[in-house]
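Working notes, beginning with the structure itself.
The values are calculated or read from the model by the stated rules, or taken from the named source; none is laboratory data. Just so we're clear, the structure is a prediction, and the values are computed from it rather than from any experiment. Because the Cβ atoms are built from the backbone with ideal geometry, glycine has one as well, and the counts that use them run over all protein chains shown. All accessible areas refer to the heavy atoms of the entire protein, side chains included, with ligands and DNA or RNA removed. Shrake-Rupley method; radii C 1.70, N 1.55, O 1.52, S 1.80 Å.
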Amino acid sequence: MQDFAFAFLNLEIVREAWPILWSGFLYTVALSLMTVPLGLLGGVALALLATSGPRAVRLAAAGWTDLFRAIPPLVLLVFLYAGLPFAGFDISAWGAVAIGFFLNTGAYYGEVLRAGIESVPRGQMEAARSTGLSRGQALAHVVLPQAVRNVLPDLISNTLEVVKLTSIASVVALPELLFQARQAQSVTYNATPIVAAAVAYFLLLWPLVRLVSRLENKAMAGR
Amino acid sequence: MSGFESFLFSFFNLKVMAAYLPLIAKGFGLTVVLALLIVVCGLALGLALAVVRSFGLRVLNWGIIFVVDLFRALPPLVIIVLLFFGLPAAGISISGFAATWLSLTLVLMAFAEEIYWAGITAVPKGQWEAARSTGLGFLQTLRLVVLPQALRITIPPLTNRTIAITKGTALGSVVGVAEILGAAQSGMSFSANPSPLTLGAIAYLILFIPVVALGRWVETRFAWKR
């Protein structure tokens, strides 16, 4: 028992590794704050193209969405980071993460928002247009607000997944929480920093998990 | 070499691809096996937890809710790293394959329990009462009346979640599992050419595009009319 506490719950190690863990935590938060808006932006664009463009554009948007939902994000990241330099594009780890996460989360947000837009009855758009609003205005003021409301649980749940996704940036050595915890582990020869990182992820995301769980239960009960 | 030629040489080098095709094919098989093990175990454990939760034993249910929340909040890679690099400190060493399987099974278990449970609670109370009044026991009611109705509405969210978690098998490459990505990365470092990685990406597309399309079909097929 004491051995277990020494190896996994060692407060001395936590104190020693605190600065590096804290910097990793902040990096994870910053990475999430960058990825979520980027993904939302890409998602809105994809959803609009998939629902209201000409037929060819709609198909292309749906194909793009399926493509990046089918490729595991880690594969995309490795491809960008380790593969592209062979073609003479030397992108930094940071660039690979930004592009990879944008492509992946954009596709997921796009799929959620597309379902939301399709859930808004066609008459809403027609009524809005007949009051003299332009297409863009009708989308922005009438259709999108209802669409977002209809799929809010899925949007929040996806955001939770995006924050969790940032942990794979550790594979290309970005100094986020998991990477820093591994560094601290290899310096201290002790598993406590990884446990501490897990606790940090849990504390950061638990409120969001509770919220999603409540919204999802409500959505399913309301059918 | 022109730009286009060097692009082809790097990413679609047929000679390199042919040389590493067997390695990637083996990785493909390993990914499929790993994914199936995760899906079967994760869905079964999730259903078991949801059934236990329906007994309404308060302390036990708190435990279940905590475990479910925990594995919904932790990134899968963190769990894999904890099991693979952390457990040896407790004198337990598990293989990368086992660590990946166990982590993703636990994550799928948590998400599946939550979905099954939402499905069970969505079945109107009157169904329970009517079934019990015909003389069915608690478990019979659950099995014959409630679960058939509950499972039907859980199919779309469950399918999509299962697909998303199954894609996490690529994380196994971080702990040395030679699944598709792991095999493609060793192919790339042996040949000093990223074509094996292209091959790996194609393998993932062959595996997951049909699954993603299936998920979309299931969603419309089982959708409830609003």
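A few remarks follow.
- Residue within the stretch A:112-123 that is of a type in the set (Lys, Arg), buried (at least 21 other Cβ atoms within 10 Å of the Cβ) and at the interface with chain B (Cβ under 10 Å from one of its Cβ atoms) present: no
- Members of the stretch A:170-196 that are part of a loop (DSSP other than H, G, I, E, B) and in contact (Cβ under 8 Å) with a residue 24 or more places away in the chain: A:Ala173, A:Leu174, A:Pro175, A:Glu176, A:Asn190, A:Ala191
- Cβ separations smaller than 6 Å between residues 6+ apart or across chains give the following pairs from the stretch B:43-57 residues that are in contact (Cβ under 8 Å) with a residue 60 or more places away in the chain to residues that are in a helix (DSSP H, G or I) and surrounded by fewer than 17 Cβ atoms within 10 Å (Cβ to Cβ): B:Arg53/B:Asn61.
- From A:Leu41, A:Leu46, residue being surrounded by 22 or more Cβ atoms within 10 Å (Cβ to Cβ) and more than 25 Å from B:Phe190 (Cβ to Cβ): A:Leu46
- Looking only at residues in the stretch B:207-226 that are open to solvent by 20 Å² or more (accessible area, probe 1.4 Å) and in contact (Cβ under 8 Å) with a residue 24 or more places away in the chain, the one that is nearest to the other protein chains (Cβ to nearest Cβ) is B:Trp224.
- Residue count for the stretch A:174-223, restricted to those that are under 28 Å from A:Leu11 (Cβ atoms), of a type in the set (Gly, Ala, Ser) and open to solvent by 20 Å² or more (accessible area, probe 1.4 Å): 3
- Any chance B:Gly96 is in contact with an Asp or Glu (Cβ under 7 Å, 6 or more places away or on another chain) and open to solvent by less than 50 Å² (accessible area, probe 1.4 Å): no
- One residue from A:Ala98, A:Ala62, A:Ala30, A:Ala56 being within 14 Å of another protein chain (Cβ to nearest Cβ) and assigned to a helix (DSSP H, G or I): A:Ala62
- Residue list for the stretch A:1-16, filter: in a helix (DSSP H, G or I) and within 14 Å of chain B (Cβ to nearest Cβ): A:Gln2, A:Asp3, A:Phe4, A:Ala5, A:Phe6, A:Ala7, A:Phe8, A:Ile13
- Extreme residue, nearest to the other protein chains (Cβ to nearest Cβ), among residues of the stretch B:187-200 that are crowded, with 22+ Cβ neighbours inside 10 Å and assigned to a helix (DSSP H, G or I): B:Leu197
- Listed conditions (1) under 24 Å from B:Phe85 (Cα atoms); (2) more than 10 Å from every other protein chain (Cβ to nearest Cβ) are all met by A:Ser170, apart from (2).
- Flag if B:Leu57 is under 30 Å from B:Gly200 (Cβ atoms) and surrounded by fewer than 18 Cβ atoms within 10 Å (Cβ to Cβ): no
- Residues in the stretch A:173-223 that are more than 10 Å from every other protein chain (Cβ to nearest Cβ) and of a type in the set (S, T, N, Q): A:Gln180, A:Gln183, A:Thr188.
- Yes/no for A:Tyr81 being open to solvent by 40 Å² or more (accessible area, probe 1.4 Å) and either in contact (Cβ under 8 Å) with a residue 60 or more places away in the chain or within 27 Å of A:Val199 (Cα to Cα) (or both): yes
- Among the residues of the stretch B:40-96, those identified as farther than 11 Å from B:Val107 by Cα and not in a helix (DSSP H, G or I) are B:Phe55, B:Gly56, B:Leu57, B:Gly91, B:Ile92, B:Ser93, B:Ile94, B:Ser95.
- Yes/no for A:Leu74 being over 30 Å from B:Ala192 (Cβ atoms), open to solvent by less than 40 Å² (accessible area, probe 1.4 Å) and aliphatic (A, V, I, L, M): no
- Looking at B:Ala184, B:Ala118, just one residue is over 27 Å from B:Gly46 (Cβ atoms) and either in contact (Cβ under 8 Å) with a residue 24 or more places away in the chain or surrounded by 24 or more Cβ atoms within 10 Å (Cβ to Cβ) (or both), and that residue is B:Ala184.
- Between B:Trp128, B:Trp117, the distinction of being more than 10 Å from chain A (Cβ to nearest Cβ), closer than 18 Å to A:Met220 by Cβ and assigned to a helix (DSSP H, G or I) belongs to B:Trp128 only.
- Any chance B:Pro22 is free of Cβ contacts under 8 Å to residues at least 12 places away in the same chain and in contact with a Lys or Arg (Cβ under 7 Å, 6 or more places away or on another chain): no
- Residue within the stretch B:6-23 that is open to solvent by 40 Å² or more (accessible area, probe 1.4 Å), over 20 Å from B:Ala192 (Cβ atoms) and either within 14 Å of another protein chain (Cβ to nearest Cβ) or part of a helix (DSSP H, G or I) (or both) present: no
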